[in-house]
Structure formats: structure tokens, C-alpha cells
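Where a number appears in this text, it was derived from the coordinates with a stated rule and is not lab data. All figures in this text were calculated on a predicted structure; none of them were measured in a lab. Glycine also receives a Cβ, built like all others from the backbone with ideal geometry; neighbour counts cover every protein chain displayed.
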Amino acid sequence: MAVDHASEHPRHPAHSVEQTIETVFRMEAPRVIAGAARIVRDVGIAEELAQDALVAALEQWPAAGVPDNPGAWLTTAAKHRAVDLVRRRERYARKLAEMGRDLETAPPHLDEIPDRVEDPEAIDDDLLRLVFTACHPVLSAEARVALTLRLLGGLTTAEIARAVLAPEPTVAQRVVRAKRTLAAKNVPFEVPYGPDREARLGSVLDVIYLIFNEGYAATAGDDHVRPALCEDALRLARQLAALMPREPEVHGLAALLELQASRTAARTGPDGEPVLLEDQSRARWNRMLIGRGFAALERAERAERAARATDGPRHGPYVLQAAIAACHAHAASYEETDWGRIAALYGLLAVRAPSPVVELNRAVAVSMARGPEEALPLVDALVDEPALRGYHLLPSVRGDVLARLGRGAEARAEFERAAGLTRNARERELLLRRSKGCGG
């Protein structure tokens, strides 16, 4: 799907290497941070060590060349710095001990640093440890999401702000305070188990989904999709499903991501331009991923039935969203989509996990199932919703509904407003094309 455009540009070796380093670091930063965090037990310091590794790459790669495995090079460089830091702490601790100081809070000796979590059920994956650490209950729900999107997703403050619909200064404060809190509380770098794992699960699922969404429809930049983020999120969802096989929502998330990822190749055209759902060639949808999604959804539904037998929760939000995605995957064409069922599922989702975004999606389904006349009041009810202020999909949906009602001039204005709000260049081009296609 991805097209390599490197050959289209003049050769500028130094500039090319710097671009390569920037791209590699953006892709590999979560793994670099996670590897360092397992040694130093502090995500804030681990992030600084990752930046040190980036500086070393900027200094060495232009002269020595880009290594065959640049991600491994960065991870190794950060881990070496982490080990050096722990050793310096140990030397300092020994000197203090010689002076008779009480060193109950001294960092662990290098020999005591475990290679893996000792819980036999845990997955030996530093990225998964990083997610659970950043989703520790000592942090607020908002801080957990912001920190994990920063550390694992590699998102900038601006991108996180767009993803969570919050002001940039607020997001920046959340990230800084979250790192300080984890360090102050000596939160262990591990995949927990038992009640502690269950307490963090909701935040972990939300964060993985947000990371996938940022890859599936990038909030900013020149690319409509960022496949590496989707792949990381999908891998984490699969591993989490293996870790917690009795949790319906874990399988629901895995099913949702498999089904959405199945459409990736059809979501962009030859030049990387976005392709709307109704215009996508379903022959390009990945049938293997669809099969995996159906299987994961079946596991989720079996787990839900078992949970209901013990008065457990019913119809979790990720299971419902996976069921909606399955409706699209089952349809042989856009026209054959069961929009009535999708609208009904969004109605259940609005009860189970109410949010303005869910209501906006429900309005789209209602528009397709029962007509734009019934959908427009639902969209208009969201116009003054504070959480959607600056959210480009609101005027985009409203423009689509108005266009279907034959109100071309109003639709054109809405698409233009949506284009002005998005930070993604590809999506802006699409919205402007849609505005030109309206009358008035």
C-alpha cells in the first residue's frame, strides 16, 4: 500500500540521513523508551535516555552511515546509557553507605534487575509493560491516556490534544505531572496481574484504541494513515487478548482493530489520497484480517455469555463497536450495508458509553438508515457541544447530511469549515474537493 517517494527528490545525503533518523526515531521511540524504562524504572528518565540516543544518532550516522537495523541501534544506545546511569547511582549509593547513611530507597543493583516480570502469566514485552505502567491508577484517566499516547504512540503534544479533544497546554501539563507522579510513587515497570491488572484494563484498552485511531486517520501531517501505529496497536491488542482470555472487552477491542485494519489498503488511492467508505473497492479489503476479526468477536461474545451467567457486564463498548465493524465487513457492497442494525448498535453504545462522538456516529447511521431529514436534528444538537469545538468531523458530517438534502450552498460552507479545522493535508484536500462538488 505504501509508496516510497524517496526517488522523486534530489539527492541531499546529509539532509536525507537526518530525515531517516527523524522517521526511524518516530517509529522506534516507544520501543527505545520501553527498553530503557525496564532498566531505570522511571519513564521520564527513560524518555530522556531515548533523546540521548537520538542525539548520538544525529552525531554518528551522517558520517558512519545508517546502520542495518537502526531501531536496534537506538535501543542499544539508550540501554547502555541506562546501565551507565544505574551504575553511577550504585557508586553514589555505596559512597553514602560508607558515610553511614540509611539507603533504604537506593535503586536496585544491576544484578537485581529482572529480565522479565516474574508473574508466569505475564507477556515478556517491554511495550506492554510500558502501557500498563503509564495506565497506573495513581494517575487520572486523562493523564494515563496522554502519557501513553506520548510514550507508546510517539505523538506530539498537539497530536494528543487533537486525539483527546483537549487544549495543548492542558495535555502538556498532564504529561509532565504524570511522569513526576510515577517517579514519586515508585510505580514498578511491569505487567500486573490479579485485581491490579483489572483496575488498569479500561485505560489500557482506551489507549491502544486511540493509538490505532491516530494511525488509521492521522490528525496531522501529509499522510492520511500511519501504518506503523496501527500495527503496534494491533499487536498489543492481540497480546492483551492472549494475556486475558476471559475478558470480553479485550477480545472486543482485538476484533474491532482487526476489522478496521482490514480496510487499510482500500482507504487511500494511488497518490495517498483518502478514499471514502462508499467509494472503496471491497476486493482490496484484507479477508484474512476480516476472518481474524470475526473469530475475535465470537470469542468476545462467548466471554460475554459466560460473564452474564455470573451477573457480569453486558454489551461492552468495544464489543459493540466490533459488532458495528462486522456489519460493514459482512456487506458485499456499500449499498447492501445493514444500516438499520448499525444505527441500533450505536443506540446501545450511546447508553453503554455515552459521548458526543458516539452521538455523531449514530447520526451518520441514522442518516443512512432512515434518511437525512431524521439525522439533521441529531447533528444540529451537537453544534454547541464544547467537546466537539474544533472537531472537523462535525461540520463534515453536517455537510454530508445537507448535501443529501439538496442544500448545496450550506453543505459547501460546512465542508470548507471542516477543511479549515483539520490539520491533515490529505483530509483537507478531500474536504475541499467535496465542497467544490456542492452547488451554491
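Less than 5 angstrom separates the built amide H of T268 from those of V275, all sequence-distant by 5 or more or on a different chain.
Compute the orientation-averaged projected area for the chain from the convex hull of its Cα atoms and round it to one decimal in nm². Could the numbers behind the result be given before it?
Values: hull surface 98.0 nm².
That works out to 24.5 nm², a quarter of the Cα hull's surface.
Treating the beta-carbon of each Lys and Arg as +1 and of each Asp and Glu as -1, no other charges, what is the dipole magnitude of segment 382-440 about its Cα centre, to the nearest 20 debye? Display every interim value, and only then the final one.
Numbers: 12 positive and 8 negative charges, 47 e Å.
Using Cβ point charges on Lys, Arg, Asp and Glu, segment 382-440 gives about 220 debye.
In percent, rounded to a whole number, the relative contact order of segment 204-288 is 23, using alpha-carbon pairs under 8 Å and six or more apart. Using the count of nearby Cβ atoms within 10 Å as a rough guide to exposure, how do L394, L127 rank from fewest to most? Lowest count first: L127, L394.
Sparsely packed loop sites in segment 379-428 (the trypsin sites (Lys or Arg not before Pro) outside DSSP H, G, I, E and B with at most 12 other Cβ atoms within 10 Å) comprise R389.
The per residue volume of the convex hull around the alpha-carbon atoms of segment 367-440 is 82 Å³. Listing I208, I160, I324 from fewest to most neighbouring C-beta atoms within 10 Å gives I324, I160, I208. About its Cα centre, the dipole of the chain is roughly 340 debye, where the only charges are +1 on Lys and Arg Cβ and -1 on Asp and Glu Cβ. Residues T268, T76 in ascending order of nearby Cβ atoms (within 10 Å, fewest first): T76, T268.
With K and R counted +1 and D and E -1, the other residues having a Cβ less than 9 Å from that of R434 yield a net charge of +2. Here the Karplus curve 6.51 cos²θ - 1.76 cosθ + 1.60, taken at θ = phi - 60°, turns the phi angles of segment 328-344 into couplings of 5, 5, 6, 6, 6, 8, 4, 5, 8, 4, 7, 5, x, 5, 4, 4, 5 Hz, with x standing for Gly and Pro.
Reducing segment 389-440 and segment 270-349 to their Cα centroids gives an inter-centroid distance of 27 Å. If you find the alpha carbon centre of segment 183-258 and of segment 25-58, how far apart are they in angstrom? Using only Cα atoms to place each centre, the spacing works out to 20 Å.
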